[in-house]
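The block underneath contains the structure these notes are about, expressed in structure tokens.
Please treat every number below as a calculation from the coordinates, not as lab data. Everything numeric in this text was worked out from a predicted model, so none of it was measured. When we count neighbours, we look across all protein chains shown, and the Cβ atoms used for this are built from the backbone with ideal geometry, even at glycine.
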4 protein chains.
Amino acid sequence: MSTATSRRPRITKVAFAAVMRDLVPYVGQLDIRVQKLGFGTISLVMPASRQLLRPGGTITGPAQMALADIAMYGLVMSRLGRVDLAVTTSLSINFLRRPAPAAIVAEGRLLKLGRRLAVGDITLRSQGRAEPIAHAVVTYSLPPAKGLVD
Amino acid sequence: MSTATSRRPRITKVAFAAVMRDLVPYVGQLDIRVQKLGFGTISLVMPASRQLLRPGGTITGPAQMALADIAMYGLVMSRLGRVDLAVTTSLSINFLRRPAPAAIVAEGRLLKLGRRLAVGDITLRSQGRAEPIAHAVVTYSLPPAKGLVD
Amino acid sequence: MSTATSRRPRITKVAFAAVMRDLVPYVGQLDIRVQKLGFGTISLVMPASRQLLRPGGTITGPAQMALADIAMYGLVMSRLGRVDLAVTTSLSINFLRRPAPAAIVAEGRLLKLGRRLAVGDITLRSQGRAEPIAHAVVTYSLPPAKGLVD
Amino acid sequence: MSTATSRRPRITKVAFAAVMRDLVPYVGQLDIRVQKLGFGTISLVMPASRQLLRPGGTITGPAQMALADIAMYGLVMSRLGRVDLAVTTSLSINFLRRPAPAAIVAEGRLLKLGRRLAVGDITLRSQGRAEPIAHAVVTYSLPPAKGLVD
């Protein structure tokens, strides 16, 4: 992937923001914003809101998982363009630290983009903090003829 | 755990339904119902709704993950009673089949309940179907003095 | 999979024992035996040996992971026959309890057998004990034209 | 962890090489070498050998998992010194590409070092190649009074 950074993402920030907002209401309500979108890299921000708080005053795990999952969707589209029918096949997340009741930033990168599967890892941080609050590895299955040659 | 099934759950179905509805609005909106609650076993039902649909006409992954996560919360409370501050430390899910646009049933069982950690696995099925649509393994960290002796 | 149990495995116990012994020396040295082999189910036994002990007097994790991985290989072959080129794409294991310095029994079952991927879960126990010592979920990628229709 | 890189590892390369060689024969036989050892970072090399080959002419998964697991053991000791009784609680690995029949380099870093748990991620590459062949996230449980304050 040495030349990846010099290449343009195959979907714009505006177009992917619309995907997040419109495709699945349960995810769209999170009001996630696109901070950066590269060719195989992504940075998203999920604002804090009262509806995401859980006992202990932190952001609920399911919202963090939704953020990690949609970040991987964006990573796939950053390389392949709109592929709405790409689907998650597995997600594995470790919650590392109690998040502040603040916005969460997700940084993702592709580990592999094959013909049939894409794998990426996503690191979540409370906005403005250095230490990760969660780390996820997500695998997507790609629609036929959309993935690259392995 | 041979005698587990002969023991009473430490939280009632009604009380755990209230936990799901009230503690985290992002999860409460899913309107998940308690079908069965045993001493270390649980069965939950998440109704289908338009807001959970994703492209392809199936139930979005983040809602399935939220269901698996809250099922594990219930498993912990079925053994320890109300422990709102128990938190997820890891969740690993495999999506096995495309769910029907229908209610999803989660069946969970504890694999381990230690002093500091609890581990359970959760199988999701579309209501009325035999094959699993997803399988999750979830780990919770228990508040001090709440877990059992390892 | 309701009729699965009434069908014959597509590889014999003797043939799969030879696979385990001969294909990969690093796994073959574990001297794993086939206890049961069904159509989508498997039971293997790994004898204890001094070379598997780790500090604390228990069986080392890497040997448990090797056992879980080969059990999934057997599950795949129990449905598809010899498919040496099936390869692991992911393995996720939770170590639940300290194993006794004794033989370990692995019980596995298929969660999904698709056209391209197979997923199974494997539970490990110290021989003669009821509680699991580890639980793994393993995914294999199947060679083209060997898997079933999704 | 901003000052971590300026601090000395709490175990020497020579001492950790001895841990790998002596503590568990099943791992010691892999003849893994320590390339670099920092304060929360590690780089190990596992030489190729005939006994690690699997059908398809690549390095078997169980050897890659053993390498990832021991790399995390080293990460923990790089911060806490000799803690032989630290044990793996979970390991999740994705196999991304077919490894060359060559030495494998593991690069690891700590994601979290708490009072009771440490989490790290490990990336494996065939020696001399840029793309990862596998990526693992490993969690260790720390003996009482050895971990840091959360």
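Positive end of the charge dipole of segment B:51-149 (Lys, Arg +1 and Asp, Glu -1 on Cβ, about the Cα centre): tell me which of B:P132, B:L52, B:A63 has its Cα farthest that way.
B:P132
Any idea what the D:A18 label distances to the other copies are, label 7 Å down the Cα→Cβ vector, nm, shortest first?
Once sorted, the set of distances for D:A18 reads 4.7, 6.1, 6.5 nm.
With the contact rule set at Cα under 8 Å and sequence spacing of 6 or more, what percent relative contact order holds for segment B:1-88? Working shown, then result.
Values: 101 pairs, mean separation 27.4, N = 88.
Answer for segment B:1-88 is 31 percent.
Once Lys and Arg get +1 and Asp and Glu get -1 on their Cβ, which of A:F39, A:M72, A:T123 lies farthest toward the positive end of the dipole of chain A?
Of the listed residues, the answer is A:F39.
Mind checking which of A:V119, A:V105, A:V87 has the largest fluctuation in a GNM of chain A, springs on alpha carbons under 10 Å?
In this elastic network of chain A, the residue with the biggest mean-square fluctuation among A:V119, A:V105, A:V87 is A:V87.
Could you list which residues have their amide H under 5 Å from that of A:L111, counting only those 5 or more apart in sequence or on another chain, with H placed in the peptide plane?
Correct list: A:V119, A:G120, A:D121.
Given contacts defined as C-alpha pairs under 8 Å and at least six residues apart, what's the relative contact order of chain B, whole-number percent?
22 percent.
May I ask you to report, in nm to one decimal and beginning with the shortest, the distances from D:R129 to the same position in the other copies, taking label points 7 Å along Cα-to-Cβ?
3.7, 3.8, 3.9
Go through segment B:88-150 and name the trypsin sites (Lys or Arg not before Pro) that are in a DSSP coil and have 14 or fewer other Cβ atoms within 10 Å of their Cβ.
Answer in residue order: B:R115, B:R129.
Running a GNM on chain C with Cα contacts under 10 Å, which residue among C:S92, C:S78, C:S43 ends up with the highest mean-square fluctuation?
Comparing C:S92, C:S78, C:S43 in the GNM, the peak value goes to C:S92.
Which one of D:I133, D:I42, D:I122 has the biggest mean-square fluctuation once chain D is modelled by GNM with Cα springs under 10 Å?
D:I133
Near the amide H of C:L96, under 5 Å away, which other amide H atoms are found, from residues 5 or more places off or on another chain, if H is placed in the peptide plane?
C:A134, C:H135
From the phi of every residue in segment C:111-121, what ³J(HN,Hα) in whole Hz does the Karplus formula 6.51 cos²θ - 1.76 cosθ + 1.60 yield, where θ is phi - 60° and glycine or proline is x?
Listing the rounded values in order: 8, 7, 10, x, 6, 10, 10, 10, 10, x, 10 Hz.
In whole Hz, with x marking every Gly and Pro, tabulate ³J(HN,Hα) for segment D:99-110 from phi via Karplus 6.51 cos²θ - 1.76 cosθ + 1.60, θ = phi - 60°.
Rounded to whole hertz, the list is x, 5, x, 9, 4, 10, 9, 10, 10, x, 8, 7.
Rounded to the nearest 500 deg cm²/dmol, what is the calculated helix-only ellipticity per residue at 222 nm for chain A, with -39500 (n - 2.57) per DSSP H run of length n ≥ 4?
Details: 3 runs with 34 residues, N = 150.
After summing the helix terms and dividing by the residues of chain A, the value is -7000 deg cm²/dmol.
Among chain A residues, which Cβ is nearest the axis of the A-onto-D rotation, and at how many Å?
A:S92, 2
Quick one: grab the alpha carbon gyration tensor of the protein assembly as shown, order the square roots of its eigenvalues as a ≥ b ≥ c, and give me rounded if a/c is under 1.5, else prolate or oblate depending on whether a/b is larger than b/c.
In terms of gyration-tensor shape, rounded.
May I ask you to work out the translational diffusion coefficient for segment D:11-150 at 4 °C, viscosity 1.567 mPa s, via Stokes-Einstein with Rh from the Kirkwood sum over Cα pairs, reported in whole µm²/s?
Answer, rounded: 87 µm²/s.
Using a label position 7 Å from Cα in the Cα→Cβ direction, what is the ascending list of nm distances from D:P55 to the same site in the other copies?
From this label point to the equivalent ones elsewhere in the assembly: 3.8, 3.9, 5.1 nm.
If the only charges are +1 at each Lys and Arg Cβ and -1 at each Asp and Glu Cβ, what is the size of the charge dipole of chain B around the Cα centre, to the nearest 20 debye?
Dipole about the Cα centre, nearest 20: 300 debye.
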